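Trainee: Before I ask anything, let me first share the structure, which is written out below as structure tokens.
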Amino acid sequence: MEPIILKRNRELYKTENYLNEGGYEALRKALTLEPDVVVDMVKKSGLRGCGGAGFPTGVKWGFVPKVPGQKYLCCNGDEGEPGSFKDREIMEEHPHLLIEGIHIACHAIGAATAYIYMRGEYYKAIERIEAALKEAEERSLLSVKVLVHRGAGAYICGEETALLESIEGKRGMPRLRPPFPAVSGLYGRPTVINNVETLSYVPNIILNGSEEFSSVGAGKSRGHKIFSVSGDVNRPGNYEVTFGI
């Protein structure tokens, strides 16, 4: 099946190439829909968190209370797990796809500000993300504020509440729960935390519908997943496949 994220050899980190491939069309569509409709589409797609826990993404978005005031989206790009480098490839080669997914998620939960928490050693990825954000803002493609926060090499900051502490300028240590981030997260405000791969699937779901994504998979695991293969193997790299392959 054609990959959703890992479309290779198209230089999609370049804004013009991404736009020529239909980039930001999903965002334009999402902004015409009510936030609850977007959340429902992601729920029906069966998309699960791709950072490890596998929690249903749309359900997590639905936990954010409908209260006035600031809400936040945090994208976890810390990726400190040995042998894992899928998020790095997405951020380096498909930064606009991630940014588009972030913006759609912000619309769904009512957030005006998003943070991308990036592993500090990912110099190329940081450069590509910052360049993509700059060009997207210059072209007026974004209506939310997206900020890049560089981590300082602490493995524990891959844990979502430690990540929040780090963004706030504190020592990166996990918080006691409850309360959970959806209710009291960044700066004590409702917050959703998703990882890079998770958010990068969102534009496809919005543009092509929940049914297409959920039509493949195995059991409760629907859609695609990227696996990093490394070590003493013939063909190391990232591979995007459907669940149940």
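Trainee: Which order do His149, His103 take when ranked by solvent-accessible area (1.4 Å probe, heavy atoms of all protein chains), largest first?
Mentor: Details: His149 45, His103 5 Å².
The ranking, largest first, comes out as His149, His103.
Trainee: For Glu81, what accessible area in Å² do you get when you roll a 1.4 Å probe over the heavy atoms of the protein chains, rounding to the nearest 10?
Mentor: Near enough 100 Å² of accessible area.
Trainee: With the convex hull built on the Cα atoms of the chain, state its orientation-averaged projected area in nm².
Mentor: Numbers: hull surface 52.0 nm².
Directional mean of the projected Cα hull area for the chain stands at 13.0 nm².
Trainee: Something else now. To the nearest 10 square angstrom, what accessible area does Ser221 show with a 1.4 Å probe?
Mentor: Roughly 40 Å² of Ser221 is accessible to a 1.4 Å probe.
Trainee: For the range 93-177, which whole-number percentage of the solvent-accessible area (1.4 Å probe, protein heavy atoms only) is attributable to carbon and sulfur atoms? All intermediate terms of the calculation are to be shown ahead of the outcome.
Mentor: Working: 1890 of 3800 Å².
Within the range 93-177, the accessible surface is 50 percent carbon and sulfur.
Trainee: About its Cα centre, how strong a charge dipole does the range 129-245 have in debye, to the nearest 20, once Lys and Arg get +1 and Asp and Glu get -1 at the Cβ? Before the final figure, lay out each step's value.
Mentor: Working: 13 positive and 13 negative charges, 78 e Å.
Here the range 129-245 has a charge dipole of around 380 debye.
Trainee: Could you check which residue among Lys124, Lys44, Lys66 shows the biggest mean-square fluctuation in a GNM of the chain with a 10 Å Cα cutoff?
Mentor: Judging by the Gaussian network model, the answer is Lys66.
Trainee: Any chance you could check the Cα centroid distance between the range 130-148 and the range 178-192 for me, in angstrom?
Mentor: Using only Cα atoms to place each centre, the spacing works out to 25 Å.
Trainee: Whenever you get a sec, line up Glu165, Glu100 from highest to lowest accessible area (probe 1.4 Å, protein heavy atoms). It would help to have the intermediate numbers written out before the result.
Mentor: Values: Glu165 30, Glu100 5 Å².
The ranking, largest first, comes out as Glu165, Glu100.
Trainee: Could you give the accessible area per residue of the chain, probe 1.4 Å, as a whole number in Å²?
Mentor: Details: 11600 Å² over 245 residues.
Per-residue value: 47 Å².
Trainee: Okay, moving on. For Asp232, Asp87, give the ranking by accessible area with the largest first, probe 1.4 Å.
Mentor: From most exposed to least exposed: Asp232, Asp87.
Trainee: Lysines within cross-link reach of Lys220: Cα-Cα under 18 Å, excluding same-chain residues under 8 positions apart?
Mentor: Cross-link targets: Lys43, Lys44, Lys60.
Trainee: Can you tell me the FRET efficiency between Phe63 and Ser215 if r is taken as the Cβ-Cβ distance and R0 is 22 Å, rounded to the nearest 0.05? Mind showing how you got there, number by number?
Mentor: Numbers: r = 26 Å, r/R0 = 1.20.
Given R0 = 22 Å and the Cβ-Cβ separation, E is 0.25.
Trainee: Go ahead and run the numbers for FRET between Val144 and Arg171, Cβ-Cβ distance against an R0 of 35 Å, rounding to 0.05.
Mentor: Efficiency, from the Cβ-Cβ distance: 0.80.
Trainee: So, R0 is 22 Å and r is the distance between the beta-carbons of Lys14 and Glu121; what FRET efficiency does that work out to, to 0.05?
Mentor: Values: r = 24 Å, r/R0 = 1.09.
The calculated FRET efficiency here is 0.40.
Trainee: Next question. Where the only charges are on Cβ atoms (+1 Lys, Arg; -1 Asp, Glu), what is the dipole of the chain about its Cα centre, to the nearest 20 debye? Numbers along the way, then the final one.
Mentor: Numbers: 30 positive and 31 negative charges, 128 e Å.
Dipole magnitude for the chain comes out near 620 debye.
Trainee: Picking from Pro181, Tyr13, Gly23, whose Cα lies most toward the positive end of the charge dipole for the chain (charges on Cβ: Lys, Arg +1; Asp, Glu -1)?
Mentor: Pro181
The values are calculated or read from the model by the stated rules, or taken from the named source; none is laboratory data. On a predicted model such as this, the values are computed, not experimentally measured, just so you know. No Cβ is skipped: glycine too gets one built from the backbone with ideal geometry, and neighbour counts run over all protein chains shown. Heavy atoms of the whole protein, side chains included, go into the accessibility calculation; ligands, DNA and RNA do not. Shrake-Rupley method; radii C 1.70, N 1.55, O 1.52, S 1.80 Å.
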